[in-house]
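Presented below is the structure to which this report refers.
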Amino acid sequence: MRRTGTKNTASFRIVVADSRSPRDGRFIEVLGHYNPRAKDDATKVVVNSERLFYWCGMGATISDAVRPVLKAAKVALPAVRASARSKKNTAAAAAAAAPATV
């Protein structure tokens with residue numbers, strides 16, 4: 001998310017950015033915007049879902065700040081790729097899926 005707007009009237013752009021770039025720095029593409037002050041829920045969050053799915057398919061991950069905003073707006077989220085999961089969760093899932101031995 002990239003912060004825009006003036007002091008005390010923040011709005012945000014949902015962007016694709018390299019993980020090494022700063023929060024409000026260089027970005028690759030604008031996917032939509034989020035205006036927390038909007039009265040109408042339809043205009044509060046606007047996202048190009050097609051491009052969101054494209055970038056997630058290319059290996060991009062949704063940040064912890066953007067995920068709740070998209071969930072609240074009822075935007076369909078792409079499935080998390082296996083490579084994006086943490087090692088701890090992958091190990092726990094593998095242990096649960098393995099048949100029990102006696």
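The values are calculated or read from the model by the stated rules, or taken from the named source; none is laboratory data. Source: prediction; values computed, not measured. Here Cβ is always computed from backbone atoms with ideal geometry, including for glycine, and neighbour counts include all displayed protein chains.
Miscellaneous remarks
- In the range 2-26, the residues that are out of contact with any Ser or Thr (no Cβ under 9 Å at 6 or more places or on another chain) and part of a strand (DSSP E or B): Arg2, Thr6, Thr9, Ile14, Val15, Val16
- Out of Ala96, Ala91, Ala79, sole residue that is surrounded by fewer than 12 Cβ atoms within 10 Å (Cβ to Cβ) and either closer than 21 Å to Ala17 by Cβ or at pLDDT 70 or above (or both): Ala79
- Matching residues, the range 25-54, being of a type in the set (Asp, Glu), at pLDDT below 90 and closer than 13 Å to Val75 by Cα: Asp41
Residues checked against (1) closer than 25 Å to Met58 by Cβ; (2) of a type in the set (Lys, Arg); (3) surrounded by 12 or more Cβ atoms within 10 Å (Cβ to Cβ); (4) out of contact with any Lys or Arg (no Cβ under 8 Å at 6 or more places or on another chain):
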residue	(1), (2), (3), (4)
Arg2	yes, yes, yes, no
Thr9	no, no, no, no
Val15	yes, no, yes, no
Gly25	yes, no, no, yes
Ile28	yes, no, yes, yes
Tyr34	yes, no, yes, no
Arg37	no, yes, no, yes
Asp40	no, no, no, yes
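- Members of the range 1-45 that are of a type in the set (Asp, Glu) and out of contact with any strand residue (DSSP E or B) (no Cβ under 9 Å at 6 or more places or on another chain): Asp18, Asp40, Asp41
- Selection count, the range 61-79, where residues are β-branched (Val, Ile, Thr), closer than 19 Å to Asp40 by Cβ and part of a helix (DSSP H, G or I): 1
- Checklist (1) modelled with pLDDT of 85 or more; (2) among the small types (Gly, Ala, Ser); (3) out of contact with any Lys or Arg (no Cβ under 8 Å at 6 or more places or on another chain) applied to Ala84, failing item: (1)
- First in the range 67-90 and within 16 Å of Asn48 (Cα to Cα), second anywhere and aliphatic (A, V, I, L, M) and modelled with pLDDT under 85, Cβ under 8 Å, 6 or more apart: Arg67/Leu77; Leu70/Leu77; Lys71/Leu77
- Filter result (without any contact (Cβ under 8 Å) to a residue 24 or more places away in the chain and among the polar types (S, T, N, Q)) within the range 28-66: Thr43, Asn48, Thr61
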